[in-house]
Amino acid sequence: MKAEPTVLISGAGIGGTTLAYWLARRGFRPTVVERAAGLRSSGNPVDVRGPAVSVADRMGAMPRLREAATQVTAMSFVNASGRQVGRVNMRALQQASGSREVEVTRTDLAAILYEASRDSAEVMFGDTMTALSQDGDGVDVTFDKAAPRRFDLVIGADGLHSTTRRLAFGPESEFVRHMGLYVATMQLDGPADNQRDVVLHNAPGRLASVHPVHGRALAAFIFRHPEVRGFNHRDLAQHKRILTDAYAGDGWRVPELLDQVRATDDLWFDSVSQVRLDSWAEGRVALLGDAASSVSLFGDGSTLAMAGAYTLAEELAATPADPRSAFARYEAQHRTLVDPRQGNVATAAAMMVPATRAGIAARNLASRFWPAAAAASWVRNRLTPSRELTPATVWPPPRLTAREVKGVRA
């Protein structure tokens, strides 16, 4: 390979911008291609935690991320009339664990990482790959708009519906598994009523919530639903129809929120899905983040994308003349973070979107009467991926330690 190997990164999101930053600092020449005309991302709140905090620190991005933090301190569960029936003190959980995590919107995270990395790479907005052809020395890439080019390596950081994966590995249907839920988010016209609590309302198999974000509000919907035949992740009219049908007749603020759904042109909607591949690399093409191993809505996708990008850049720098070995080491190391999280979807869904009224009641009971750290630990340890929350699952409460009683009451 050349002294300054060229790398095409598909996707200017969380993983792609982080990878561009670190590759440039390890002697590579990255180019990023992004289908959108500019930065575009859902407004979903995401956590930067664990290994991603260290990566962001080294990029000099943590001060900006802390400025952009949502400042949410709790989750409040309300019934159909709006009365609070449960609450989890998230700040107490964070303090009890000694966590340095920060919650930001995915839009803010993407923008801050792009700002940190924008001088590290050539960026091609408004374009996408249409064909890949590789040999032992490089990859020939055809673009929708730009002239064809040749790169030493191609990395797909282009999400759940990855173009790179489709071109180099095969059709999406071979690797993407619907997890029985759909999710939608949108910005609301006015501010949240409560600027510190995420307010959530459940009906069996459905959750609607309002999340405060910098004086404004974000609505989110998560609901259980079989896979929709002919689902198109770019069809806004289809998304509105699925969502309004699923929540028809629900209480709390749902009718008002659905009115805003019908009126908006900016609704983010997709299936909650997992991606599983036997290998994340095919010759000189490799996958990163959700393109390789989407762990679904509940699985720290942004954190894992940042950690994976750093690991991939380090392994490529260790053996720049042998990318296949670097890809294998990256995958072996990063799977130790990804694989455990891919088994946690049903447990998280049971907590956030209980399928039954008994499950909703049990979750509310746990959140109201236990110290927050004890409740989280107890539910996590009691549930297996196949079990639904029931009153028997969460009662009686655990025997609390003195430290739990003293410091972390919800």
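The values are calculated or read from the model by the stated rules, or taken from the named source; none is laboratory data. These numbers come from a predicted model, not from an experiment. Glycine gets a Cβ as well: all are built from the backbone with ideal geometry, and neighbour counts include every protein chain shown. In case anyone asks, the SASA skips ligands and DNA or RNA and just uses the protein heavy atoms, side chains included. Shrake-Rupley method; radii C 1.70, N 1.55, O 1.52, S 1.80 Å.
Points to keep in mind about this one:
A quick yes/no check of all residues on (1) loosely packed, with under 15 Cβ neighbours inside 10 Å; (2) out of contact with any strand residue (DSSP E or B) (no Cβ under 9 Å at 6 or more places or on another chain); (3) at pLDDT below 95:
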position: 4; (1), (2), (3): yes, no, yes
position: 8; (1), (2), (3): no, no, no
position: 20; (1), (2), (3): no, no, no
position: 24; (1), (2), (3): no, no, no
position: 28; (1), (2), (3): no, no, no
position: 33; (1), (2), (3): no, no, no
position: 38; (1), (2), (3): yes, no, yes
position: 46; (1), (2), (3): no, no, yes
position: 51; (1), (2), (3): no, yes, yes
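- Meets criteria (out of contact with any His (no Cβ under 8 Å at 6 or more places or on another chain) and either of a type outside the set (Lys, Arg) or at pLDDT below 80 (or both)) for residue 349: yes
- Subset of segment 216-245 [over 23 Å from the mean Cα position of the chain (by Cα) and not acidic (Asp, Glu)]: 229, 230, 237, 241, 244
- Qualifying residues in segment 69-84 (those that are under 28 Å from residue 249 (Cβ atoms) and in contact with an Asp or Glu (Cβ under 8 Å, 6 or more places away or on another chain)) - the one modelled with the highest pLDDT: 80
- Residue within segment 315-328 that is open to solvent by less than 10 Å² (accessible area, probe 1.4 Å), touching a residue at least 12 places away in the same chain (Cβ under 8 Å) and under 20 Å from residue 181 (Cβ atoms) present: no
- Within segment 242-254, the only residue that satisfies the criterion of being at positive phi and open to solvent by 70 Å² or more (accessible area, probe 1.4 Å) is 249.
- Hey, residue 125 touching a Ser or Thr at 6+ places or on another chain (Cβ under 9 Å) and either of a type outside the set (Asp, Glu) or in contact (Cβ under 8 Å) with a residue 40 or more places away in the chain (or both) or not: no
- When 151, 169, 77, 125 are screened for being of a type outside the set (Val, Ile, Thr) and more than 29 Å from residue 326 (Cβ to Cβ), only 77 passes.
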